[in-house]
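Data block below; observations after.
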Amino acid sequence: MEENLKQQATDKIRIALYGPESTGKTTLAKQLAEHFQSTWIPEFAREYLQEKWDRSQQICEPEDLLPIAIGQMKLENQALANTGNYLFADTNLMCTKVFSEIYYGFCNPALDKAARKHKYELFFSHRYRCSFRKRRFAR
């Protein structure tokens with residue numbers, strides 16, 4: 001497995017929020033972290049893709065998903081040093097894997113392997129009457 005996709009060992013309780021975009025994962029992660037006096041980590045893809053858009057007006061492409069996954073794991077692993085008993089993850093590699101499979105019809109093997117291997121003590125599955133689905137983007 002790609003070294004940068006490894007999940008750091010910890011005694012902290014990892015909680016992942018899983019689901020489609022715009023279902024309130026970020027809001028819930030922030031609120032839970034505040035309530036439990038712990039840390040939440042944002043979705044790395046949001047910042048990465050905004051910077052890509054600002055730089056070149058390009059949207060997410062399949063080759064972006066591995067750097068996004070690496071960035072997400074870097075955020076998660078770094079946050080472990082500064083959190084209380086819990087770490088709330090706004091997203092995880094499984095979300096990135098599912099996104100890749102639905103939007104592009106495949107998943108990078110290293111991302112797929114890492115997503116399957118990563119462990120979280122609890123998952124919150126978000127579904128607000130919607131599901132992952134392909135969207136049309138204007139170019």
- prompt: If we scan region 96-107, do we find a residue that is on the phi < 0 side of the Ramachandran plot, touching a Cys at 6+ places or on another chain (Cβ under 7 Å), touching a residue at least 12 places away in the same chain (Cβ under 8 Å) and not aliphatic (A, V, I, L, M)?
  reply: yes
query: Looking only at region 39-79, which residues are among the charged types (D, E, K, R) and either assigned to a helix (DSSP H, G or I) or buried (at least 17 other Cβ atoms within 10 Å of the Cβ) (or both)?
result: E43, R46, E47, E51, K52, D54, R55, E63, D64, K74, E76
query: Within the bounds of region 80-95, is there any residue that is among the hydroxyl-bearing types (S, T, Y) and assigned to a loop (DSSP other than H, G, I, E, B)?
result: yes
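Which of the residues belonging to region 89-104 are over 15 Å from Q8 (Cα atoms) and hydrophobic (A, V, I, L, M, F, W, C)?
Going residue by residue through region 89-104, those that are over 15 Å from Q8 (Cα atoms) are 90-91, 94-104.
Once the filter is applied, which keeps residues that are over 15 Å from Q8 (Cα atoms) and hydrophobic (A, V, I, L, M, F, W, C), region 89-104 yields M94, C95, V98, F99, I102.
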Residues (assigned to a helix (DSSP H, G or I), at pLDDT 90 or above and either buried (at least 21 other Cβ atoms within 10 Å of the Cβ) or charged (D, E, K, R) (or both)) located in region 1-28: L5
query: Could we say that P67 is farther than 27 Å from T39 by Cβ and either modelled with pLDDT of 90 or more or out of contact with any Pro (no Cβ under 8 Å at 6 or more places or on another chain) (or both) here?
result: no
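The values are calculated or read from the model by the stated rules, or taken from the named source; none is laboratory data. Keep in mind that this is a model prediction, so the values were computed, not measured. Methodologically, a virtual Cβ is constructed for each residue, glycine included, from the backbone with ideal geometry; neighbour enumeration extends over all protein chains shown.
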